[in-house]
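The values are calculated or read from the model by the stated rules, or taken from the named source; none is laboratory data. Please read these numbers as outputs of a predicted model, since none were measured by experiment. We place every Cβ from the backbone using ideal geometry, glycine too, and count neighbours over all the protein chains shown.
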Amino acid sequence: MTSTWLSDVPSRGRLLLAALLAVLLAAPFVVSSYVLSVLILVLYFAYLGQAWNIMMGFAGQLSLGHALYFGLGAYTAAALYAKFGVTPWAGMAAGAIVSAIVGAFIGALGFRFRIGGVYFALLTIAFAEFTRILFDHIDWVGGTAGFFLPVSNRDSNDLWNLRGDPTMFYYVWLAGAGGVLALCRMLLSSRLGYYWLAIREDEVAAQALGIDTFRYKIAAVMLSAALTACGGVVYAFYYNTLFPEPIFSVARSIDMLLGAVTGGVGTLMGPIVGAFILTPLGEGLTIALEPFQEVLRLDGIKQVFYGLCVVLIVVFQRHGVWPYLARKLGLRQLTGART
Amino acid sequence: MSTSSRQVTRRQILAAGSAAALAGAAPLRRALAQTAPLKVGVLHPTSGYLAQIGQACNRGCEAALPVLKEMGYPAIEIMNGDTESSPDIARAAAERLINAGAQMLVGAFESGHTLAIAQVAEQRGIPFVINIAAAPQITEQGYKFVFRNFPRAGAIVGGTFDLQKQLFATSGKTPTQCVVLHVNDTYGTAIKGALNALFPKYNMPYKFSDFIAYDPKARDLSVEVAKAKATGAEIVLAVSRLNDAILITREMVKQRWEPWGVIAAGPGWYENQYMKTLGKLGDYPISCVPWFDPRKPLAQKMVDTHLKMFPGQTVDTNTVYSFEAMLICADAYKRAKSAAPQALVDALKTTNIKDSASIGPGISFDAKGQNDSLGLAAVQNFGGEAKVVLPLASSERNLVFPVPGWRNRA
Amino acid sequence: MLLDTYVNQIASGILTGLVYGLAALGLSVIFGVCKIVNFAHGEMMVIAMYLALVIFRWFGLDPLASIPLVAAVLFLFGYALQAGVINRLIDVPDHMQFLLLAAIAIMIVSGCLMIFGPDAQNVPLSYAYDSYEIGPILVDKVRVFAGGGAIVVAGILTAFFRWTRTGKAIRACADNLTGARVVGLNVQRLFALSFGLGTACIAAAGCILLMLVDVHPYLATEYTLLAFVVVIIGGLGSLTGALLGGVLIGVSEALAGLLIDPSLKSMFSFGLLILVLLFRPQGLLGKRVQ
C-alpha cells in the first residue's frame, strides 16, 4: 500500500523522508533536554501549520483566528479530565467535534454571505477575540484566574491520561505531525483533494463544472478546525495550565500560521519545513545574542532580527521556502503545490 | 546588582545538561556536600507590566543575603529567572532554573505565574517557597513540594475587614456603602470571591453597592470610575495593580470624585512608582496589606540593610516577604544538613521561626504548606512614603480619614 | 444610575471615538486606495506616540503641537515603505502580504521595547486634570482637545481629497484603477503618496491619543484591531464613515461598560463587527464591495 501511496514521489524524496523520520525517532535518546524541548516546539508548529494549511492551502480561505479551535479543544478536554476524569483521548474527540461545528458555523456564515479575502480573515479574528473575552468570564473553567490540571511528581508515563515526561509528549507530537502529513497526502490524491484544488485555483470554474463548492469548503474548514483542536488538547496536557488570554489570542493564531506561510502555503511539506526553519531560528537568535544581552540588556533585539529574517524570506521567496528547496534538492514537488 | 546572583544562560543549561548526563552521580554529590551554598532559583516578573514589582522583590531577596550570613546561616546562591509577566514564560523559566541546578525555588508574586511554577516544582520534585501570591487554590492542590509564607485571599479579606472596623472606630466616621473596583485577574477574582464569602461573618456596618471588574490591560478606566462614582458609595475598596491604581486615581481627579477614602486590599497603591508618578495626588490611600512589623528587630535590620544596599528604594510588602522567603530557605537548609529535595521538604515542614520580620507570631506551615498566622497592617501614603497607621499599637503615624479632597492639595 | 453619568460617559465616548475614527482614517485610506491591509497599523501609531513623547520631553511641546512634525516623519516613512518594499510585492497573495506586515510589526514593537523599555509612559500635561462643566455635563479638558484635534485633522484630509488635484487623482485610483491608468495618472507615485498620507494620518491620531493613554510597546495590537473594527463598521472608502464608526464604537463601549460589565466592553465591539460583516459588509457609509 505504501508503495502506491508514495508512488509518484521520486526515490530520492522517499529516502530523505525516511532519513528524517529515523533521525526524529532516535532524537530523544541522543540530545539534551533543552534541544528536546526545542524539537517538541518544532513538531508542535509543524502539526498546527499543517492543520491550518488544510483550510488555507487547500480551500483557499485565510483564517487568522485559528486559536479559537485550539482553545476550544484545549478547554473541552481539560475540563472533561479535571472535572469528570475523562481520558484526554475522548476529550480530544469531544473537542474536535465542538471545533468542527464552530468552524462549520463560521465558514457557513462567511461563504453564504460571500465574504472573502481580508474580510473573512477579520471575521475569524472577531470570533476568536469574542471567545477569548467570553472565556475570561466563564468561572467554571477558571476565567481569568486560569484553569489548572492536577499534576503530581511521578516516575512513570501514562499515555492514556497524557501524564508523563517530555519524551512521551515528543513522540505524541511526532505521531501527530507524521499522521497529518500522511492524511493530507491521502486526501490530496483522492477525489476530495482534486475538488479542493479546483476550488482553490478558480472557484467560479469549479462551480461551473458542477462541484458543490460550498460543501467542500466547509469540509476543509471542519477538518482544519478539528485537527487544530486536537493539537490544543495535547498542548493543554503538556503545560497543564490554561488562561484565555494566551490561548485564544491573535498572537497565537499568527504563531500557528507563520511556519506554514514561510514554508509554502498549499504545499505538503511547506508547513514542516517552515517549522524547522522558524523555531530553531528563534532559539538560535536568542543564543547568539546572549553574550550581548549580558552586556547591553537590550530586550527585544531578538524579535527585531526575527522579524527581519521573515521579511527577507517573504521578499525573496514569495511562494515559501519549500518550493525553492525542493527544486534545489532535485525533487519534483509532492502534489498539492502551487505551480 | 549583588555579586552572588547570576542570569542563567542557555549555554550554561546546555553545558549543565550534558555535564549531568556524563556525570550521573552529580546530584547525589551536590546533596551530600552541605557546606556548598544552596542554589535558590528566584523567579519574579522583572520585565513586562509587573517589572517594577519584580525588581522590588529581587531587591528584597538580595538584601537578605548579608543579614543571613551575619546570623550564621549557610550561604545561599541566587539564580535569577524572569517570569516576564506571563505564566507560559514563568513555567519555562522555572524549568530552566531547575535544569541549571536550582535546589529550591522562590517566587513569584503573581498568582497565575505562581500556580504554573508550583506545577513544575511538584512535577520535578523541587521545593518551592512562595514569597507572595494570594490565590487560595495554590495550597489546595495537594502538592507536597509547595510552601507559602503569605496570607491567602480569605485571610487578606478578613484582615481588611478587621482593620476597617478599627479605621471607622478610630476616625469616628462609618460609611453606609462601599463600592469594589477590582482587576479581573487571578488575584482580583480570588479577593472578590473571599469578599462575598466572608462578608456575612464579619458584621460590617456598610453594604457593598457594586462590584466593578476591569481588564488588567485596560488603558482607560473612565467608565469604571464613573460607574463607581454613580453608586454614591462613601468608600472605595480597590483591588488593583500599579498601573490601574494610577489610572483610577487620575480618573477620580478628572471626574471630581472625592470619596472619604480609597482602601486597597492589595498592591499598587503603596508602591514607590505610584507615589512618584502622582505626587501629591498619590497621598492618603490606605492599603490593608501584609507588611513588616516595625517593632521586630529583624524587620529593623532588614530595613537598614535594604536602605544601605539600595538607597532611594522603599521597603514594603514585596521586600519583607521576599526577605523572609530567603530566611526560610536558609533555615531549612541549615536543619536538613543536605540539599536533597526530600530532606529539604521535611525540614520545611518543621519550620518554626519565631524571630521573623512580618506581622504575626512567626513562620510555620500547616499540613497544606500554608502559613495561616500572618497578620495585616493598614499603611497610608504620606509625601512619598507608606507608613503604618493601624493597628494603633504598631502605628508610625496618625491616621487621616476622611482624606482631603483633590483640590485641597497644592 | 443617574442620567448625569450616562450623559457624561456618552460625551466622553464621542470624543474618544473621534480619535479612534481618526486612527481608522489612515487605515481606510491605505486599504481603500492601495488595497493593502496594513497589519502594522497599530505599531506605526505607537511609533508616532513615542516620537511625540520624545518631543515633549526634549522641547516641552504639547502633543497637539507636534502633530505636523510627527506626521511629516511618518509620511516619509510610509512613502518609503510603500515605494521600496511593499510595491515590489504588490501581486503576492494575501497571506504573504499579511506575513510581511506582521513581521514589520514585530520589528517595530521590539525596536520600541529596546529603545524605550516596557514601562507605560505618559505625558504629564499641565491641564491633565482640568475639566469643563457645561450644565450637568463634566468633560475632561484633554478629551475635548483630543476630539477637537481629530475633527480638525479629518477636516484637512477631507479638504485635501475634495479640492486638490492630487487628492482627486488618488480618489480616482481608488474608484477605478484601470480608468486611472488610462487617463495617464502616475499610479505608482499615487500609491506611495496615499500610503504616506495614511501613515501621516495615523501619526496625528497617535499624537492625540498620547494625551489620553499611556504608551508602551504592547499597545499596538489592540489598536490595529480597533482600527479595523472601526473601518469596517464605518465603511471603507468613506472618511465620514470612519469617523462615524469611531464614534459608534466609542459610545457603545461606554454604554456597554455602564449597562453590563466594563470587562465585556471589547466583546461588544467584536460582536458588532461580526454583525456588520455579515449583514452589511460595506459598512454604514461605504460603497458596495466588489
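Structure notes:
- Selection of segment B:99-126 for residues being part of a loop (DSSP other than H, G, I, E, B) and over 20 Å from residue B:322 (Cα atoms) yields B:100, B:101, B:125.
- For segment B:348-388, a tally of residues being within 15 Å of residue B:317 (Cβ to Cβ), of a type in the set (Val, Ile, Thr) and in a strand (DSSP E or B) returns 2.
- Residues that are at pLDDT 90 or above, touching a Gly at 6+ places or on another chain (Cβ under 9 Å) and of a type in the set (S, T, N, Q), drawn from segment B:230-258: B:240, B:249
- Residues considered: A:61, A:50. Of these, the only one that is in a loop (DSSP other than H, G, I, E, B) and either out of contact with any Pro (no Cβ under 9 Å at 6 or more places or on another chain) or crowded, with 24+ Cβ neighbours inside 10 Å (or both) is A:61.
- Residue in segment B:202-216 that is farthest from the other protein chains (Cβ to nearest Cβ), counting only those that are in contact with a Phe, Trp or Tyr (Cβ under 9 Å, 6 or more places away or on another chain) and over 23 Å from residue B:392 (Cα atoms): B:207
- Selected residue (criterion: farthest from the chain's Cα centre (by Cα)) from residues of segment B:169-188 that are in a strand (DSSP E or B) and more than 14 Å from chain A (Cβ to nearest Cβ): B:177
- Residue that is nearest to the other protein chains (Cβ to nearest Cβ), among those in segment C:123-178 that are of a type in the set (Gly, Ala, Ser) and within 23 Å of residue C:6 (Cβ to Cβ): C:131
- Test for residue C:10: is it in contact with a helix residue (DSSP H, G or I) (Cβ under 8 Å, 6 or more places away or on another chain) and part of a loop (DSSP other than H, G, I, E, B): no
- Check on residue C:178, in contact (Cβ under 8 Å) with a residue 24 or more places away in the chain and surrounded by fewer than 18 Cβ atoms within 10 Å (Cβ to Cβ): no
- Taking segment B:46-91 as the range and being of a type outside the set (Gly, Ala, Ser), in a loop (DSSP other than H, G, I, E, B) and modelled with pLDDT of 90 or more as the test, the residues that pass are B:71, B:73, B:74.
- Of all residues in segment A:92-125 being at the interface with chain C (Cβ under 7 Å from one of its Cβ atoms) and aromatic (Phe, Trp, Tyr), the one that is surrounded by the most Cβ atoms within 10 Å (Cβ to Cβ): A:119
- Selection from segment A:107-158 of residues that are assigned to a helix (DSSP H, G or I) and acidic (Asp, Glu): A:129, A:136, A:139
- Looking only at residues in segment B:93-108 that are within 23 Å of residue B:318 (Cα to Cα) and of a type in the set (A, V, I, L, M, F, W, C), the one that is surrounded by the fewest Cβ atoms within 10 Å (Cβ to Cβ) is B:102.
- Here segment C:225-241 is the region considered, the condition is being more than 14 Å from chain B (Cβ to nearest Cβ) and either among the β-branched types (Val, Ile, Thr) or closer than 22 Å to residue C:142 by Cβ (or both), and the residue that is nearest to the chain's Cα centre (by Cα) is C:227.
- Taking residues in segment C:129-146 that are part of a strand (DSSP E or B), and partners anywhere that are at pLDDT 80 or above and among the small types (Gly, Ala, Ser), the pairs with Cβ atoms closer than 7 Å and at least 6 places apart or on different chains are C:137/C:11; C:138/C:131; C:139/C:11; C:139/C:12; C:139/C:131; C:140/C:12; C:140/C:131.
- Unique match (being among the polar types (S, T, N, Q) and touching a strand residue (DSSP E or B) at 6+ places or on another chain (Cβ under 8 Å)) among A:241, A:167: A:241
- Residue C:111 being modelled with pLDDT of 85 or more and under 30 Å from residue A:265 (Cβ atoms): yes
- For segment B:47-70, the count of residues that are more than 14 Å from chain C (Cβ to nearest Cβ), crowded, with 20+ Cβ neighbours inside 10 Å and in contact with a Pro (Cβ under 8 Å, 6 or more places away or on another chain) is zero.
- Count of residues meeting criterion [surrounded by fewer than 18 Cβ atoms within 10 Å (Cβ to Cβ) and in a helix (DSSP H, G or I)] in segment A:161-170: 3
- Residues located in segment C:245-290, provided they are among the aromatic types (Phe, Trp, Tyr) and free of Cβ contacts under 8 Å to residues at least 12 places away in the same chain: C:279
- On the stretch given as segment B:300-313, residues that are more than 28 Å from residue B:253 (Cα to Cα), in contact (Cβ under 8 Å) with a residue 40 or more places away in the chain and part of a loop (DSSP other than H, G, I, E, B) total 1.
- Answer residue from segment B:136-168, given it is within 26 Å of residue B:206 (Cα to Cα) and not in a helix (DSSP H, G or I) and is farthest from the chain's Cα centre (by Cα) among those: B:152
- Any hit, segment C:112-122, residues being within 14 Å of chain A (Cβ to nearest Cβ), out of contact with any helix residue (DSSP H, G or I) (no Cβ under 7 Å at 6 or more places or on another chain) and farther than 24 Å from residue C:15 by Cβ: yes
- Selection of segment C:232-262 for residues being among the polar types (S, T, N, Q) and either more than 23 Å from residue C:5 (Cα to Cα) or surrounded by 22 or more Cβ atoms within 10 Å (Cβ to Cβ) (or both) yields C:238, C:240.
- Screening residue B:193 on (1) assigned to a helix (DSSP H, G or I); (2) surrounded by fewer than 19 Cβ atoms within 10 Å (Cβ to Cβ); (3) more than 10 Å from every other protein chain (Cβ to nearest Cβ) shows it passes everything except condition (3).
- On the stretch given as segment C:16-48, residues that are hydrophobic (A, V, I, L, M, F, W, C) and more than 14 Å from the chain's Cα centre (by Cα) total 3.
- When residues of segment C:81-111 are limited to those that are among the aliphatic types (A, V, I, L, M) and assigned to a loop (DSSP other than H, G, I, E, B), the one nearest to the other protein chains (Cβ to nearest Cβ): C:92
- Here residue A:302 meets the list (1) touching a Gly at 6+ places or on another chain (Cβ under 8 Å); (2) within 14 Å of chain C (Cβ to nearest Cβ); (3) modelled with pLDDT of 85 or more almost entirely, failing just condition (3).
- Cβ pairs under 6 Å, 6+ apart, first in segment B:115-129 and within 7 Å of another protein chain (Cβ to nearest Cβ), second part of a helix (DSSP H, G or I) and buried (at least 24 other Cβ atoms within 10 Å of the Cβ): B:115/B:138; B:116/B:87; B:116/B:90
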